[in-house]
Amino acid sequence: MDSEANRETPDVESVVAILGQSATTLIQIISRHALDQDISLFLVGGVIRDLLLGRQNLDLDFVLESDASAFAHSLAGEFGGSVHMHPPFATAKWILDATAAANLRHSPGLTEAQIDFATAREETYPSPAALPRVIPSTIDRDLARRDFSINALALQLSPAAFRGRLVDPHGGRADLESGIIRVLHDRSFIDDPTRVFRAMRLASRLDFTIDAQTEALLHAAAPTISRLSGDRIRHEFQLILSEHAPELTVVDLESCGAFVAIDNAWLISDHLSEFFARCRKLRPPWQHSDYDLTTLYWHLLMVELPAEGVNALCDRLSLTRKLGESVASFARKLNMIDDLRDPTLLPSQITRLLDDASDMALHALWICAFDLPIVKQRIETFVDRWRNTRPRTDGNDLIRLGLQPGPRFREILERLRDAWIDGVIESEDEERELLHELLKDTSA
Ligand code: CTP
């Protein structure tokens, strides 16, 4: 960050302008700690890419050409906080707490910050798509194992003689200037098919173009996505769905064959872009609290799957049980969307169709039905009124009247509820009258 050391490196003022004062101070303190120990330390990856683009990124990744965990422990020893190590990857996380934040004169925003340190390493892949084996190495080799030229950048912070040097062995800076995503070698996507998702996510976020050769390699490797675990695929989707406008990436991924590689019945709706855009622009009248947009997108990703296929896909992606059940209930409701348009349906019949859907499933259905006013209106009234309508009579009342719990018992309560929902009865007296009639039928 010393401007005189390398005219291409961002100077301290511009780093402060992009990252903010507290992150900059933190980087300076960590650099000072490395300088004092004459350790070779670099800030690497996304944060450098984004600094050069003038974009804020507070995900600080440091690489050392020495033992990362010893360095993280020595920082924690001086400033406080704790260290979590991950020996297989020679990485260590320094987790700041209130003491560390105070010692670092840190802003409250970064009190919970986790700072990643890694020993520079080389990786070998025991088999395609497997997790890599790791051995300690140099910064150049560490950068050579990375995904794209624009991510294979490092800014040296220590020792003093090299402070401010931008390490850019793969033309990352030039690619940043030309707006290009390029892999470093031909096996990149085969070694790690999650890079297919990453390339498309990054291209869409930065409005960059995927270089032609990289694109050909990406298309060739897309079928190998099938070898990735459900957890890794889900994680990549989660990152994509957290982007500002994920539909562009989703459409690109489908056209390269990523979806069928995961499940050969998985197609994306032609209306997906419109649905996703509606999710951001429109909110159903009943949704007052904050809801998770990515959860809503998950539902809409599965619009084209037959309801029976949804469970298998949710299992494949190891979605949480709650999300899997919600997506499955949405798929069932979507199959009923034509029924829900039938003008002769009674409110109680609509209620029965919608009753077991989760809030998110109803929200997703409302998004899909936005240009079907009758369906949209019915979903809104269901949530607002019908869903919560209950007769005054309950099970205890029926027991007191001599009925045993069982199917008939349930049927009577449902008939009373239906009558309220359909406006057939409007008072407790009317409910009592109807109950008497139903009980007469039962005893007959
Ligand atoms: N990386 C890689 N291959 C992967 C994942 C990560 O080479 N499959 C490298 C890249 O150099 C990347 C760095 O590890 O820059 C950090 O990864 P991550 O934090 O996931 O990515 P960022 O580039 O910081 O991207 P984002 O801004 O989306 O967090």
Could you count how many residues in region 18-68 are of a type in the set (Ser, Thr, Tyr) and more than 26 Å from Leu184 (Cβ to Cβ)? 4
Just need a number here: residues in region 13-59 that are open to solvent by less than 40 Å² (accessible area, probe 1.4 Å), more than 16 Å from the ligand (Cβ to nearest atom) and under 18 Å from Ala118 (Cα atoms). 10
Scope region 316-361; condition more than 24 Å from the chain's Cα centre (by Cα) and assigned to a loop (DSSP other than H, G, I, E, B); matching residues: Met336, Ile337, Asp338, Asp342, Pro343, Thr344, Leu345, Leu346, Asp355, Asp356
Applying the selection to region 370-419, what residues are farther than 25 Å from Asp359 by Cα, hydrophobic (A, V, I, L, M, F, W, C) and buried (at least 16 other Cβ atoms within 10 Å of the Cβ)? Leu398, Leu403, Ile412
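Quick check on my filter: what residues within region 235-259 are small (Gly, Ala, Ser) and surrounded by fewer than 20 Cβ atoms within 10 Å (Cβ to Cβ)? Write out each step before concluding.
Of region 235-259, the ones small (Gly, Ala, Ser) are 242, 245, 255, 257-258.
Across region 235-259, the qualifying residues are Ser242, Ala245, Ser255, Gly257.
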Give me the pairs: first residue in region 406-424 and over 14 Å from Leu438 (Cα atoms), second residue open to solvent by 40 Å² or more (accessible area, probe 1.4 Å), beta-carbon distance under 7 Å, and six or more apart or on different chains, which are they? Asp422/Leu346
Which of the residues that make up region 420-444 are of a type outside the set (Asp, Glu) and either more than 49 Å from the chain's Cα centre (by Cα) or loosely packed, with under 13 Cβ neighbours inside 10 Å (or both)? Gly423, Ser427, Arg432, Leu434, Leu435, His436, Leu438, Leu439, Lys440, Thr442, Ser443, Ala444
Name, by its number, the condition in (1) more than 16 Å from the ligand (Cβ to nearest atom); (2) open to solvent by 30 Å² or more (accessible area, probe 1.4 Å); (3) farther than 22 Å from Ala152 by Cα that does not hold for Cys279. (2)
Between a residue in region 239-251 that is over 13 Å from Arg198 (Cα atoms) and any residue that is assigned to a loop (DSSP other than H, G, I, E, B), which pairs come within a Cβ distance under 8 Å, given they are 6 or more apart or on different chains? Val251/Ile268
Within region 283-312, the residues that are among the hydrophobic types (A, V, I, L, M, F, W, C) and at pLDDT below 95 are Trp286, Met302, Val303, Leu305, Ala307, Val310, Ala312
Considering only residues that are hydrophobic (A, V, I, L, M, F, W, C) and either outside any helix (DSSP H, G or I) or over 18 Å from Tyr291 (Cβ atoms) (or both), which ones fall in region 362-381? Ala369, Phe370, Leu372, Ile374, Val375
Does region 257-276 contain any residue that is free of Cβ contacts under 8 Å to residues at least 60 places away in the same chain, closer than 20 Å to Ile180 by Cβ and more than 15 Å from the ligand (Cβ to nearest atom)? no
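The values are calculated or read from the model by the stated rules, or taken from the named source; none is laboratory data. Small disclaimer: the values here were computed from a predicted structure and weren't measured. Heads up, the Cβs are rebuilt from the backbone with ideal geometry, glycines too, and the neighbour counts pull from every protein chain shown. Only protein heavy atoms, including side chains, enter the accessible area calculation; ligands, DNA and RNA are left aside. Shrake-Rupley method; radii C 1.70, N 1.55, O 1.52, S 1.80 Å.
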